[in-house]
Every structure is written in structure tokens, then in C-alpha cells.
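Asker: My structure is below; once you've seen it, I'll send some questions.
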Amino acid sequence: MKCLEVIKLRSAGKDSRLMEGLLLSIGKFNQSGLVETITFRRASLEIDRSIHLHWESERPDQNGSSLALGLRLAKALEEFGLVDHSIWVEKEK
């Protein structure tokens with residue numbers, strides 16, 4: 001099953017170098033089932049970020065990614081501003 005975790009951050013502009021370092025380190029995580037991580041910056045507002053974690057697993061984890069990577073990341077980003085974390089499951093064909 002394909003799942004997508006989306007973590008949106010509206011930064012308060014607090015220590016952006018530390019936040020950027022955290023976002024760059026996401027790709028270094030080697031989690032079972034994690035296929036890809038992509039970080040986006042909003043075109044019209046540089047303080048907005050969207051992190052997408054693409055997962056392949058047998059069943060979705062309603063509480064976040066296996067081993068809670070997404071939940072830990074969302075919690076860590078709360079230091080920098082408002083965070084929204086959601087899990088999406090691919091619709092069956």
C-alpha cells in the first residue's frame with residue numbers, strides 16, 4: 001500500500017539555518033518502507049515548507065510512519081512555527 005505523510009510548516013523565521021539543516025538531514029534517514037522524501041518551499045512565501053514522506057507498506061499506520069519518523073519530525077519542527085501533519089493513503093483502483 002502506498003502512503004504519503006505530509007508535514008507543513010509555517011515558520012516564524014526563528015533560526016532558519018538550524019531549520020534548513022534539519023530539513024536537509026531528512027534524506028539521510030534509512031527507514032523500512034520509506035521510498036522517498038521531498039521538501040518543497042512555497043513559491044510566494046519563503047517561510048512555508050512542505051515535507052512529503054512517501055511510504056510503501058502492508059497497511060497504513062494511523063499514528064504516523066513506522067517507527068514514528070513523521071511524528072518525531074513534526075514535533076521537532078514545532079520549535080520553528082506552526083506545523084500540520086497528515087497521513088494520506090492511495091485510493092484503491
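The values are calculated or read from the model by the stated rules, or taken from the named source; none is laboratory data. This is a predicted model, so every value here is computed, not measured. Note that we place each Cβ from the backbone using ideal geometry, even for glycine, and neighbour counts take in every protein chain shown.
Asker: Cβ-Cβ below 6 Å, separation at least six or inter-chain, first residue in the range 81-93 and in a loop (DSSP other than H, G, I, E, B), second modelled with pLDDT of 85 or more: which pairs?
Answerer: Between residues of the range 81-93 that are in a loop (DSSP other than H, G, I, E, B) and residues that are modelled with pLDDT of 85 or more, the close pairs are E90/K2.
Asker: Which residue is surrounded by the fewest Cβ atoms within 10 Å (Cβ to Cβ), if the candidates are limited to the range 52-93 and must be over 13 Å from the mean Cα position of the chain (by Cα) and at pLDDT 85 or above?
Answerer: Among residues in the range 52-93 that are over 13 Å from the mean Cα position of the chain (by Cα) and at pLDDT 85 or above, the one surrounded by the fewest Cβ atoms within 10 Å (Cβ to Cβ) is K91.
Asker: Right, next: Give the range 43-54 a look and list any residue that's outside any strand (DSSP E or B) and over 14 Å from G13 (Cα atoms), or say none.
Answerer: Residues of the range 43-54 outside any strand (DSSP E or B): 43-47.
Selection gives A43, S44.
Asker: Looking only at the range 37-51, which residues are modelled with pLDDT of 85 or more, surrounded by fewer than 18 Cβ atoms within 10 Å (Cβ to Cβ) and in contact with a strand residue (DSSP E or B) (Cβ under 9 Å, 6 or more places away or on another chain)?
Answerer: Residues satisfying the conditions are I38, T39, F40, R41, R42, D48, S50.
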